[in-house]
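**Q** Have a look at the structure that comes next, please.
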Number of protein chains: 4
Amino acid sequence: MSKKIVEPKENATNRLEAVSDGVFAVALTLLVLDIHVPETDPTKLLDALIRLLPHILTFILSFLIVTFYWTAHHVIFNSIHRSDRYLLWLNAFHLLFVVFLPFSTAMLARFHDAPLAVDIYGFNIILCSLSSIAFWLYAARNSLTTGDLSKSEIAMVALRLSVNPIVCGLALGIAFLNTTAAILLYLATPVWYVLTGPNAAAGDSGTWQLPRPWRRR
Amino acid sequence: MSKKIVEPKENATNRLEAVSDGVFAVALTLLVLDIHVPETDPTKLLDALIRLLPHILTFILSFLIVTFYWTAHHVIFNSIHRSDRYLLWLNAFHLLFVVFLPFSTAMLARFHDAPLAVDIYGFNIILCSLSSIAFWLYAARNSLTTGDLSKSEIAMVALRLSVNPIVCGLALGIAFLNTTAAILLYLATPVWYVLTGPNAAAGDSGTWQLPRPWRRR
Amino acid sequence: MSKKIVEPKENATNRLEAVSDGVFAVALTLLVLDIHVPETDPTKLLDALIRLLPHILTFILSFLIVTFYWTAHHVIFNSIHRSDRYLLWLNAFHLLFVVFLPFSTAMLARFHDAPLAVDIYGFNIILCSLSSIAFWLYAARNSLTTGDLSKSEIAMVALRLSVNPIVCGLALGIAFLNTTAAILLYLATPVWYVLTGPNAAAGDSGTWQLPRPWRRR
Amino acid sequence: MSKKIVEPKENATNRLEAVSDGVFAVALTLLVLDIHVPETDPTKLLDALIRLLPHILTFILSFLIVTFYWTAHHVIFNSIHRSDRYLLWLNAFHLLFVVFLPFSTAMLARFHDAPLAVDIYGFNIILCSLSSIAFWLYAARNSLTTGDLSKSEIAMVALRLSVNPIVCGLALGIAFLNTTAAILLYLATPVWYVLTGPNAAAGDSGTWQLPRPWRRR
């Protein structure tokens, strides 16, 4: 055991994943703080709750979107086995945009008819996606990943991660015509990812996952 | 060690459990934010604290109920050894309903005499239970579980998980007659689970746990 | 690897520790939410900050006290290798009292001259200590602990854990004479634990730790 | 397996790291709570958002600074393999100063023109740095570290950790001349650390990391 003690710690990404999971978990839970108990007479509680509906719906929207990014983070880091200083910081920028979502969500709930608020929300999502593409490409190009991924495999994962920011980019424009349509587009990619792909264990030929080493498991 | 580096990460559910534990921990702790320090004269502090009693009691109620769901999650995932995309999302819906509980709790504390608020709380609990049954049955039917569970064992766990939503379903109706009785019914299943079963290590023939592989430990 | 997959998960207390660490971490951090930025003119900022002093001091007090309980939890669970349903719930009650501390702290900061608020804080601490003694004795008496602890060793740990509630019990009475003296007594045991004991690795003959199996490490 | 059960738990720093990661994650996420949704007419939303800018910029500043301390903590603990009671408490004091940052940040956002608020923020950062130097030196001098670090290696890490408090100490004075310049100086060291150093895996000859045992990995 004494030999073990002098070795450096295994699994160079476990604390990166631990702090990321912590940030995701807190971000998910903080979303509910935007739903305030109405100050009203008990007899008018139903009306007050109906007025809360935008806050409840945006809570659900953002919960699904944060889960979507957590899922992507989880799948990507299943293929990353080493970290370096740049990866820590690229991941930190991703978390920065995730942590900003409770604010964007509260903005959206309060001003769901204002294109500006809808676009801030969409822009926040786009930054979450772009930053996840950034740390994926950085890790893949700097040999921090598991196994021997080919250039086309690396590009395919990046391409899949790019669907969401492209759809949300379109939604930024649509928000000026119809805010509800833009909001539904923000939800489109997560729903598509949940529904598509075979009913297989994580890592087996689904939409998100990386092909080879994980598939073997 | 170089061989280890190229292997994918072990234990496909550990990040799912980590983010779930994080969400449970934050949800448990956020409950206390509903108990506000009274703005009062120090001489009238006792009266002010007595008026806080509904908030303190619902805090304790929800702390026990969230712990109940954490315990169930813990026991169920002791028998799940693999995750896939659907399991991640079924688990996410479970967490969505758990995260909503601090709001339902604050509603209940503020409107504990209003059947509508009492029923929202109960409906939230029912959704927590149904979503836990969903991820259990999904995992068990898709070979994500440990060992060789028989159909009757899988059904038995689901049946035990169904007691709480059935009792709470009854409470939804009772709330229109007596809100206190409904609230006590919400607490009934967790208390029953704590009290019943042999004084044995987790996994040994208790109320919640799964029978075979764990029992051997 | 397929053999590994069907085995139940190792380390029956790791999720109990994970969720506890999460609760401790959130409780430690929520304490700062009681210190509000003063609404004042920039030229009167110093005066406003001086008025914040009770909130800052109780923040530090509670941070040290929560850390004290986390340290105790950490040391105790170093000797517990299995969990069962009762241990999960005894631990949950401990966490319930820890989670209540941010409220007690805010009460103390606002009403630091009122014996009632000082006693609520002290009573909260006493409940934290008693619940930690409860899960320790339960684990030790039900073979959930590591190694072969003698009855006297088990009792010694419980005795050491009892110093804090006894000192705080005295402080409950002293609060009616002098609230500052009572608050200082709440801090006495944590400070004593930090200062006493040899400068040794955790587990070596210190005040808190368990003697045998750990010492060998 | 029975033999494994009676052994004490491995990795004496994993819970210390877990609770620290939790505190860092919550502190990072709480920062966003200082950005409040403006109460305004939707047509004046852009003006209201521009008034939010100091809060958004200080949010980003503090997110980067807390990440900086998390990175430092991560790198330092990669070289620490054992903990003792004093290390737990030195680490706790570090976390105390990290947890205080959301308050200092909110102060800075509200009073970014007031030297007093700018200096409180800088002093908070200095305490974060000094406490990290303290636990590093304590661990290195008490054989809690991995491998055989020479005195000059230990001193070099401490020296690198000292750059930030020295720069921030200068900023404390500059704040009385120009608050913006002081705030930019607070950001200087983190930016310098991100930009400098080779594009290498963590542990390889970078600015922060410890030289020998990690490099081998």
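The values are calculated or read from the model by the stated rules, or taken from the named source; none is laboratory data. Owing to the predicted nature of the structure, the values given are computational and were not obtained by experimental measurement. In this analysis, Cβ positions are derived from the backbone assuming ideal geometry, glycine residues included, and neighbour counts consider all displayed protein chains.
**Q** For the subset of the range A:105-150 comprising residues that are under 30 Å from residue A:60 (Cα atoms) and of a type in the set (Asp, Glu), which member is surrounded by the fewest Cβ atoms within 10 Å (Cβ to Cβ)?
**A** The selected residue is A:113.
**Q** Based on this model, can you work out whether residue C:95 counts as on the phi < 0 side of the Ramachandran plot, crowded, with 21+ Cβ neighbours inside 10 Å and either of a type in the set (D, E, K, R) or within 12 Å of the chain's Cα centre (by Cα) (or both)? Show your work before the answer.
**A** Numbers: on the phi < 0 side of the Ramachandran plot: yes; crowded, with 21+ Cβ neighbours inside 10 Å: yes; either of a type in the set (D, E, K, R) or within 12 Å of the chain's Cα centre (by Cα) (or both): yes.
Yes; evaluated as a whole, the condition is true for this residue.
**Q** Could you list all residues from the range A:132-150 that are among the polar types (S, T, N, Q) and part of a loop (DSSP other than H, G, I, E, B)?
**A** Looking only at the range A:132-150, we keep the residues that are among the polar types (S, T, N, Q), and these are A:132, A:142-143, A:145-146, A:150.
Within the range A:132-150, A:142, A:143, A:146, A:150 qualify.
**Q** Now a separate question. Which number in (1) modelled with pLDDT of 95 or more; (2) more than 24 Å from residue D:60 (Cα to Cα); (3) in contact with a helix residue (DSSP H, G or I) (Cβ under 8 Å, 6 or more places away or on another chain) marks the one condition that residue A:62 misses?
**A** For residue A:62, the exception is condition (2).
**Q** Mind checking which residues of the range D:48-64 are without any contact (Cβ under 8 Å) to a residue 12 or more places away in the chain and within 9 Å of another protein chain (Cβ to nearest Cβ)?
**A** D:49, D:60
**Q** If you don't mind, another one. Among the residues of the range B:65-82, is any modelled with pLDDT of 95 or more and of a type in the set (A, V, I, L, M)?
**A** Checking the range B:65-82: at least one residue is modelled with pLDDT of 95 or more and of a type in the set (A, V, I, L, M).
**Q** A follow-up question, please. Among the residues of the range C:139-151, write down those that are within 18 Å of residue C:85 (Cβ to Cβ) and either away from every other protein chain (no Cβ under 14 Å) or of a type in the set (A, V, I, L, M) (or both).
**A** Scanning the range C:139-151 gives C:139, C:140, C:144.
**Q** Here are the criteria: (1) out of contact with any helix residue (DSSP H, G or I) (no Cβ under 7 Å at 6 or more places or on another chain); (2) at pLDDT below 90; (3) surrounded by fewer than 16 Cβ atoms within 10 Å (Cβ to Cβ). Tell me which single one residue D:153 does not satisfy.
**A** (3)
**Q** Further, regarding this structure: Would it be correct to say that residue A:101 is more than 19 Å from residue A:193 (Cα to Cα), without any contact (Cβ under 8 Å) to a residue 60 or more places away in the chain and more than 8 Å from chain D (Cβ to nearest Cβ)? It would help to see each step written out before you state the result.
**A** On the way: more than 19 Å from residue A:193 (Cα to Cα): yes; without any contact (Cβ under 8 Å) to a residue 60 or more places away in the chain: no; more than 8 Å from chain D (Cβ to nearest Cβ): yes.
Spelling it out, it is not the case that residue A:101 is more than 19 Å from residue A:193 (Cα to Cα), without any contact (Cβ under 8 Å) to a residue 60 or more places away in the chain and more than 8 Å from chain D (Cβ to nearest Cβ).
**Q** Here's a follow-up. Among (1) in contact with a strand residue (DSSP E or B) (Cβ under 7 Å, 6 or more places away or on another chain); (2) more than 11 Å from chain A (Cβ to nearest Cβ), which single condition is residue B:136 missing?
**A** Single failed check for residue B:136: (1).
**Q** Does residue A:189 satisfy the condition of being exposed (fewer than 13 other Cβ atoms within 10 Å of the Cβ) and not hydrophobic (A, V, I, L, M, F, W, C)?
**A** Criteria not met by residue A:189.
**Q** Could you please give the count of residues in the range A:165-201 that are at pLDDT below 90, among the aromatic types (Phe, Trp, Tyr) and under 19 Å from residue A:58 (Cα atoms)?
**A** Here the count works out to 1.
**Q** Next question. Within the range B:24-47, restricting attention to residues that are more than 9 Å from chain C (Cβ to nearest Cβ) and in a helix (DSSP H, G or I), which residue is surrounded by the most Cβ atoms within 10 Å (Cβ to Cβ)?
**A** B:27
**Q** If you go through the range A:62-117, how many residues are over 21 Å from residue B:15 (Cα atoms) and among the hydroxyl-bearing types (Ser, Thr, Tyr)?
**A** Total satisfying the criteria: 3.
**Q** Just for the range D:9-23: of the residues that are in a helix (DSSP H, G or I) and at the interface with another protein chain (Cβ under 7 Å from one of its Cβ atoms), which one is modelled with the lowest pLDDT?
**A** Ranking the candidates gives D:15 first.
**Q** When you go through C:154, C:166 one by one, which is the residue that is assigned to a helix (DSSP H, G or I), touching a Lys or Arg at 6+ places or on another chain (Cβ under 8 Å), more than 14 Å from chain B (Cβ to nearest Cβ) and free of Cβ contacts under 8 Å to residues at least 40 places away in the same chain? Spell out how you get there, then give the answer.
**A** Numbers: C:166 fails: touching a Lys or Arg at 6+ places or on another chain (Cβ under 8 Å).
The match here is C:154.
**Q** Quick one: count up the residues across the range B:108-128 that are more than 9 Å from every other protein chain (Cβ to nearest Cβ), in a helix (DSSP H, G or I) and touching a residue at least 40 places away in the same chain (Cβ under 8 Å).
**A** Total meeting the criteria: 10.
**Q** For the range A:55-107, which positions are part of a helix (DSSP H, G or I) and polar (S, T, N, Q)? Lay out the reasoning, then the answer.
**A** Looking only at the range A:55-107, we keep the residues that are part of a helix (DSSP H, G or I), and these are A:55-77, A:85-107.
Hits for the range A:55-107 are A:58, A:62, A:67, A:71, A:91, A:104, A:105.
**Q** Do we have any residue at all in the range C:48-58 that's surrounded by fewer than 22 Cβ atoms within 10 Å (Cβ to Cβ) and within 19 Å of the chain's Cα centre (by Cα)?
**A** The initial filter retains those residues of the range C:48-58 that are surrounded by fewer than 22 Cβ atoms within 10 Å (Cβ to Cβ), namely C:48-57.
Next cut, within 19 Å of the chain's Cα centre (by Cα) only: C:57.
Yes; the residues of the range C:48-58 include at least one that is surrounded by fewer than 22 Cβ atoms within 10 Å (Cβ to Cβ) and within 19 Å of the chain's Cα centre (by Cα).
**Q** Separate question: Looking only at the range B:65-83, filter to residues that are within 20 Å of residue C:84 (Cβ to Cβ) and among the small types (Gly, Ala, Ser); which one of those is nearest to the other protein chains (Cβ to nearest Cβ)?
**A** B:79
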